[in-house]
1. Starting from the Cα coordinates of region 51-141, work out the convex hull volume and express it per residue in Å³.
2. Quick one: if you stick a label point 7 Å off each Cα along the C-beta vector at residue 97 and residue 51, how many nm between them?
3. For residue 237 and residue 123, compute 0.36 nm times the residue count separating them, minus their Cα-Cα distance, and round to one decimal in nm.
4. Given q = 0.13, 0.15 Å⁻¹, what are the Debye log10 I(q)/I(0) values for region 1-159, with equal point scatterers placed on the Cα positions and solvent ignored?
5. Cβ under 9 Å from residue 55's Cβ, residue 55 left aside: what net charge do those residues give with Lys, Arg +1 and Asp, Glu -1?
6. Determine the shape class of region 498-601: with a ≥ b ≥ c the square roots of the Cα gyration tensor eigenvalues, call it rounded for a/c under 1.5, and otherwise prolate if a/b is greater than b/c, oblate otherwise.
7. Go through 554-567, 365-378, 251-264, 394-407 and give me the packing order, highest mean Cβ count within 10 Å leading.
8. Full extension from residue 600 to residue 78: what is 0.36 nm times the residue separation minus their Cα-Cα distance, to one decimal in nm?
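No lab work stands behind these numbers, since they all come straight from the coordinates. What you see is a predicted model, and the numbers here were worked out from it, not measured in a lab. Reconstructed Cβ throughout: ideal geometry from the backbone, glycine too, with neighbour counts over all protein chains shown.
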Amino acid sequence: MKILGISAFYHDSAAALLDDGKIVAAAQEERFTRKKQDSSFPSNAVEYCLKYAGLSVNELDAVVFYDKPLLKFERLLETYYGFAPKGISSFIKAIPAWLNEKMFLKRLIRDELKGLDDDFDHKQLNLLFPEHHLSHAASAFYPCPYEEAAILTVDGVGEWATASLCHGKSNNIEILKELKFPHSLGLLYSSFTYFLGFKVNSGEYKLMGLAPYGDSKSEQVKEFVHTIKSKLIDIKEDGSLWLNQKYFKYAYGLKMVSDEKWERLFGMKKRDGESELEQEHCNLGMAIQIVTEEIVIAMAREVKKLTGSNNLCLAGGVALNCVANGKLINEGIFENVYIQPAAGDAGGALGAALAAHHIFHNKERTPESPDSMSGAYLGPEYSDMDIELTARKFKAVYKKYDDFSELAKITAVHLSKGNAIGWFQGRMEFGPRALGNRSIIGDARNKEMQKKLNLKIKYRESFRPFAPSVLAEDCSEYFDYNGDSPYMLIVQPVQERRREALPENYHSLPLKEKLYINRSDIPAITHIDYSARIQTVHKNTNSRYWEVINAFKDLTGYGLVVNTSFNVRGEPIVCTPEDAYRCLMRTEMDFLVMGNYFFDKKEQLDWTESDNWREEFVLD
């Protein structure tokens, strides 16, 4: 049974392939096209999945799209009708796209697959369309290690559902409760993302990183929380919610909210994307994060009550809010919590395929430990020849090590000297997090590392925190957490004994001065509230990454490093050796390790004045 799952046409298009229920390959289209959050049909991702499995399109038993387009179209028409005459501009923009593409999705999918394989016989193709939230639920439950589990999925909106409470048992998923559009926790959070000057559907994680800069003891935060709860939202005991559409425009307009009404409501101007961040912005970010956490925990309590399960699975875009995830785990509502690493729409491709396998084809499920995601290392990998061809193309200087252990020790030495190193190994990660195969790594002890990575390599906002990759067996040495977090989706506190006291005038300092005050003996990964977004590194899942961190521990006594995704602001995570080398040359990264190959940036600079350099590497 060979099943291809596809997500496309909104954001984060992706493809995933199952062979007899086993997850063989999965990747996001953006990694191949280099267009961040590419929403087009994932032809490159599909081609990769098929090539990796050695299959032709004709050998597929089913192709599964991650939602029901006609049901979504029904929601659009009903919504525009319900708000008419408002929304005419949005209607005129949206409907032609639906009539030209999404209404005829079966034909579009067949045409795209025909473009990949001239021998494709579309008459034999079995096309399936599960609902959006079922795809999310399936992406979390079927790979998890539990026989049965409560399932909570929360996002912006699928067809009609914006959140669902489900129960997974054996190979079946039962939907128990759904919250319907336009009432949506995901869209509420995205509205604040928009108002605070970040891009909707990609800037939510920036808002999450900004929130801790708010002053939790200030009256303004309390007032903001009260305003949100009294004017914008009515939260029910079961976690369901009602949004006052008087203040929102996402249902019918081209903007998320009414700028004028929000400015009056919160007493501040909508922030422009590149303008200075002020304390009031941080306080508003903290307020919506507090409300979000309250709702997620209430939903979790409700699905616990409905199912009686000791296990919880999470998916949907809101499941990428790792601060809320950490708070939920600490509540102790469930004994075990599993979060799908590709929790957003990209993971819907995988969930759609899994739903088709287990529900439509009624195939039995055998849980695997720790899960069946292979550490999320499901993307392309590249050979020594691929690396050497890249080096030849750019006349790159490198050294190859036959003994990887020696290379790991050399890398550890360079890390200890304050260098930033591109780390490119094995199969690319599936999902938004770099987990040690397409990462930039540094020394967590280094006081200047956060500034260096943000300003000289990532070229991104200085307030953004970085995550630690810690040896799984050493996690509790640094963090107040005894569990696993292999997918970097849980935030937990840094151990009390490692913290340093803040100056007495701390809360009166400008944001920029707060940024670089040392908070612990691992300052590069300690966020402003003494928290960290943890990735536990397991030897049996990623032996090479574990080995380099262990070599760093042998050298320094610290079994953790800084880990950030291998890309610069505005670009997707690197996929190929060529992507990685370009990133090295475009930034102030110091070294690049690809497989067993070591590239020293200084040795590449002898020819930087050539025309080839200017054409290939200088950023516009």
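1. 131 Å³
2. Label-label distance for residue 97 and residue 51, simple model: 2.9 nm.
3. Working: separation 114, 0.36 × 114 = 41.04 nm, distance 5.01 nm.
My answer for the length gained is 36.0 nm.
4. Normalising to I(0) and taking log10 leaves -0.68, -0.88.
5. Summing Lys and Arg as +1 and Asp and Glu as -1 gives 0.
6. It comes out oblate by the Cα gyration axes.
7. Packing order, densest peptide first, comes out as 554-567, 365-378, 251-264, 394-407.
8. Between residue 600 and residue 78, full extension yields an extra 182.0 nm.
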